[in-house]
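These notes concern the structure reproduced below.
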Amino acid sequence: MNQDNNQKGNKSYKKPYYVLDMFSYPSGEGLHMGHVKVYTASDIYARHKRMKGYEVLHPTGFDSFGLPAEQYAIKNKVNPTISTKKNSDNFLRQMKDLKLSYDYDNVTSTTDPEFYKWTQWIFKQLYKKGLAYQSHEPINWCPSCKTGLANEDLEGNLCERCGSVVEKRPLRQWVLKITEYADRLIDDLDTLPEWKDWIKDLQRNWIGRSEGSEIDFKLVSQRKDLSFVERDSIGLVGYGTSIETELKNSYENKFTIFTTRADTLFGCTYTVLAPEHNLVSELIKNNIIDNRDEVLKYIAETKNKTDIDRSSEGKEKRGVRLEGVLAVNPANQEEVPVYIADYVLPDYGTGAIMAVPAHDGRDREFAEKYNIAIKEVMQNVSDDKTDSSEEVLINSEEFDGLSSEDAKNKITEKVKGKVVKKYKLRDWVFARQRYWGEPFPIVFAVNEDGSTDYNKPYLVSDVELPVKLPLVESYEPTGTGESPLADIEEFINIYGYIDDNNEFLSCDKTDKRAKIFKRESNTMPQWAGSSWYWLRFLDPHNNTEMFSRERIEKYPEVDIYLGGVEHATRHLIYGRFWYKFLYDIGIVPNIEPFKRLETVGLVLGEGGVKMSKRLGNIINPDDIIREYGVDVTRMYVMFMSPFDGSSAWNAKSLSGMKRFLDRVQSLKNKIGNPCKNVNMMDQTIKKVGEDIELLKFNTAISQLMIALNEFEENGLSLDEYQKFLQLLAPFAPVTFEKLSKDYNMEESWPEYDINKIENNQVTIAVQIAGKMRGTFEIDRDKEDEEVVSKLKEQDIYNKYITSQNIEPKKIIVVRNKIVNVVI
RNA sequence: GCCUGGGUGGCGGAAUGGUAGACGCAAGAGACUUAAAAUCUCUCGAGGAUUACCUCGUGCGGGUUCGAGUCCCGCCCCAGGCACCA
């Protein structure tokens, strides 16, 4: 409350405040009820802040790159620019219908070249800092969308957008090194006290940091013929010599495992490599494995298995032993078998594990299946057997009795391992083989034979930004893993030269310096624009800078950011990553972009099911506004549940809100003497203001209803009437405008008198033996003794205590609230 | 399996450890009306007494406390996220 007092005193200075809601993808369907809920909430919040004297920045715009527009374009042969414009205009029309108080003069869109110029510029900076690189590793390929996808775009093993099973496909990609920011993305969550803990958990979980050790295991060959020779060397003359020679040259190698439980190293009874592990193919190539065919068969099976196949097998752990080799446990030099198994993932940790079946459930399951030894090395010393944190080492001589944590370090040190951190988060696959996205500011040199030399990329000079998307006739992806842009000769082939900054500048073909280059044909993913859009919102018409210094200093961070939870692990991680990067290169002043984050709950269809086209239960905001008016629509959506809760649409409840606003219209007739209940207005001002701050719009509205009930019954003064209208204004702007115009009212938030909030009389509840028995009235803040003596005058006390000849053991008085008689 | 969030009337939902069910919807009764709609008044957790009283009641079982929807322990169920992460 205290920080809100800035409207007093210096009138000319208004404290800046940035209220942002997640901008929308302008679909052909128009706004849905979910939009109405978030946007109305942020609008009420913004209006309230404005009334309290803040200089509120409340912008909107569109995230208009993306597949649906492109698919529409493919089908109808129209450039997505056109359909996108049409849809955005419809969205804006609806937003205005809803009386959302955005700054409509500064609406911008990610597809605006003046916008994506800066998206390209940021990419350039990432590239310059070594945070953008090309990769040919197998990536997730959606055969239906015909494009590569980031891990974040998958649901299980399915394309998040179309539900197709994705394949792994090696494809040239641009990748951003988000993993380099993984620690900061986790650690800096601690600097965000206004974020909900569960959202932070979601992000931590997604990034998935685990701290552990990397330990080398020696791999030695153990040819079957060795044991054969040893057994038979006495008898088989002439055969032994050659084998001995071969043994001397025998294969020796090593591999690195990752573990978070280095303390259990002594309990390792086998090791597992991912079937895809490089060492496995090397062993096969060098003919070290005795059961080569079996191993190859298993590897092939793994390749063909999708994640769905695997889980349908109940995640039973299967694997194949690599016959002929053994791994040496560096802690005790024990030789243990080596397996390959698909429960070890190639792209996490080092793709190899030490298995400790005694202390890991998965390893135990596997060991039991293949009859591998299980060796206990930890003992629980806690009284509470469920507390696994109090384990000490046993069976290791050297380290006996050490606690788990100490043992991790000591053992890692002993075996010359490394303490390392690993993440689930992968680098961000930042290229799509599609038309409707930001082109990369990249060209490639051309080989003598005319082919593109992808090893020689050059950044396009700033003066040539934006690299504009060309107009094309066909938007269909090639399907060969290239974007449709690859076929547009006029776009792809470009003459120019490399300037002093080692950047590409185009020039005329006839220019002496002119050489042919080829443009990058991939485009950026839809997440690119949304990773920084709120910064462009500061200054969308600035055609020389991303935003002016003055603007970023005024609004260095978003004060409150409202949107859907579904963005917690993608947009909000990408956005934080880019913002941190921009901080590192001195563009923005903070380490975190969003000071307070609030997530909206779902608006479900009647009966509590999701609204969907298939079920035909979609409620169209336009229809509701037409039938009931804007204010009823806004207030009903706010009243139906708390902001972060989800609840079902109920057409009948909607008419209750209409009743409320109708009654407000006729409240004017009750103006006269001040309300008998002198506290009502002040209580309401306090409650509504506080609830808006907490986004508890449902209880704010209920307080307005309580006030209305009171005023209808007991009348109200003109002053009370005007204050009531002001409180209503952020919720029901149309009603406010209509009713306030007779009074020449200022649109400011009324103040309350804290001394008037509380009644002089309070109701004390009487509890006898812990049960409620009645109440009595007494002056506020009376001493406990007075409360007790008043209590003893009560009939209820007589009935339960005096007349029963009971002597209370104790009487507990809670000031202004309750007395409890303990008997 | 792991991590979150949640479970309160017929429904949406209120309750800094202090009168459970605010506010609203639906339902019932009544008033107005030729009638209906709208509007207004009253009732509305369950059971029993039927005047103003008692008993039970916030997913289940324990516990802490003068007092628990709220805190602790153990379960069950629902929703979301992650998912063989070593």
Fill in the blank from the handout: A:Thr179: passes all of (1) in contact with a strand residue (DSSP E or B) (Cβ under 8 Å, 6 or more places away or on another chain); (2) within 19 Å of A:Phe430 (Cα to Cα); (3) away from RNA strand B (no atom under 11 Å from the Cβ); (4) in a helix (DSSP H, G or I) but (1)
Exercise for the section: Please indicate, with yes or no, whether at least one residue in region A:129-137 is away from RNA strand B (no atom under 16 Å from the Cβ), within 20 Å of A:Leu425 (Cβ to Cβ) and buried (at least 19 other Cβ atoms within 10 Å of the Cβ). Expected result: yes
Problem - Selection within region A:694-737 - away from RNA strand B (no atom under 16 Å from the Cβ) and closer than 17 Å to A:Ile671 by Cα - result: A:Ser717, A:Leu718, A:Asp719, A:Glu720, A:Tyr721, A:Gln722, A:Lys723, A:Leu725, A:Gln726, A:Phe736
Fill in the blank from the handout: Restricting region A:552-579 to residues that are more than 17 Å from A:Tyr102 (Cβ to Cβ), over 16 Å from the mean Cα position of the chain (by Cα) and of a type outside the set (Val, Ile, Thr), the one surrounded by the most Cβ atoms within 10 Å (Cβ to Cβ) turns out to be A:Glu557
Practice task
Scan region A:180-193 for residues that are surrounded by 15 or more Cβ atoms within 10 Å (Cβ to Cβ) and among the β-branched types (Val, Ile, Thr) and jot them down.
Solution key: A:Ile186
Completion exercise
Contact list, first residue from region A:119-146 and on the phi > 0 side of the Ramachandran plot and of a type outside the set (S, T, N, Q), second anywhere and in a loop (DSSP other than H, G, I, E, B) and at pLDDT 85 or above, beta-carbon distance below 7 Å, six or more apart or interchain, is A:Lys146/A:Gln433
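Can you tell me which of A:Leu694, A:Leu728, A:Leu667 is within 30 Å of A:Val603 (Cα to Cα), touching a residue at least 40 places away in the same chain (Cβ under 8 Å) and out of contact with any Cys (no Cβ under 9 Å at 6 or more places or on another chain)?
Numbers: A:Leu694 fails: touching a residue at least 40 places away in the same chain (Cβ under 8 Å); A:Leu667 fails: within 30 Å of A:Val603 (Cα to Cα).
Only one candidate passes the filter, namely A:Leu728.
Here's the yes/no breakdown for (1) within 24 Å of A:Tyr561 (Cβ to Cβ); (2) exposed (fewer than 15 other Cβ atoms within 10 Å of the Cβ):
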residue	(1), (2)
A:Arg614	no, yes
A:Tyr628	no, no
A:Val632	no, no
A:Lys658	no, no
A:Met680	no, no
A:Gln703	no, no
A:Phe711	no, no
A:Leu727	no, no
A:Phe731	yes, no
Exercise for the section: Write out, first by first residue and then by second, each pair whose Cβ atoms fall under 8 Å of each other, whose residues are 6+ apart or on separate chains, and whose first residue, in region A:340-367, is of a type in the set (Lys, Arg) while the second is more than 7 Å from RNA strand B (Cβ to nearest atom). Expected result: A:Arg364/A:Pro357; A:Arg364/A:Ala358; A:Arg364/A:Ile374
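Conditions tested, residue by residue: (1) modelled with pLDDT of 95 or more; (2) within 15 Å of RNA strand B (Cβ to nearest atom); (3) farther than 30 Å from A:Thr735 by Cα; (4) touching a Pro at 6+ places or on another chain (Cβ under 9 Å).
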residue: A:Met546; (1), (2), (3), (4): yes, no, yes, no
residue: A:Arg570; (1), (2), (3), (4): no, yes, yes, no
residue: A:Tyr579; (1), (2), (3), (4): yes, no, yes, yes
residue: A:Ala651; (1), (2), (3), (4): no, yes, no, no
residue: A:Leu654; (1), (2), (3), (4): no, yes, no, no
Handout entry: Residue within region A:809-816 that is crowded, with 16+ Cβ neighbours inside 10 Å, assigned to a helix (DSSP H, G or I) and in contact with a Lys or Arg (Cβ under 9 Å, 6 or more places away or on another chain) present
Key = no
Problem - Extreme residue, surrounded by the most Cβ atoms within 10 Å (Cβ to Cβ), among residues of region A:419-446 that are within 14 Å of RNA strand B (Cβ to nearest atom), in a strand (DSSP E or B) and among the charged types (D, E, K, R) - result: A:Lys422
Practice task
State yes or no: is A:Glu592 surrounded by fewer than 23 Cβ atoms within 10 Å (Cβ to Cβ) and either without any contact (Cβ under 8 Å) to a residue 60 or more places away in the chain or basic (Lys, Arg) (or both)?
Solution key: no
Handout entry: Selection status of A:Val637, among the hydrophobic types (A, V, I, L, M, F, W, C), surrounded by 15 or more Cβ atoms within 10 Å (Cβ to Cβ) and in contact with a Gly (Cβ under 9 Å, 6 or more places away or on another chain)
Key = no
Practice task
Kindly list, by first and then second residue, each pair from a residue in region A:198-223 that is among the aromatic types (Phe, Trp, Tyr) to a residue that is at pLDDT 95 or above and assigned to a helix (DSSP H, G or I), limited to pairs with Cβ atoms under 9 Å and residues at least 6 apart or on different chains.
Solution key: A:Trp206/A:Ile573
Completion exercise
So, first residue under 21 Å from A:Lys49 (Cα atoms) in region A:738-759, second residue of a type in the set (Asp, Glu), Cβ within less than 6 Å, six or more apart or across chains; the pairs are A:Tyr752/A:Asp682; A:Asp753/A:Asp682
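Yes/no per residue for (1) part of a strand (DSSP E or B); (2) within 13 Å of RNA strand B (Cβ to nearest atom):
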position	(1), (2)
A:Tyr743	no, no
A:Trp749	no, no
A:Lys756	no, no
A:Ile778	yes, yes
A:Lys790	no, no
A:Asn798	no, yes
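The values are calculated or read from the model by the stated rules, or taken from the named source; none is laboratory data. Worth saying up front: this structure is predicted, and the values here are computed from it rather than measured. Cβ: placed from backbone, ideal geometry, glycine included. Neighbour counts: every protein chain shown.
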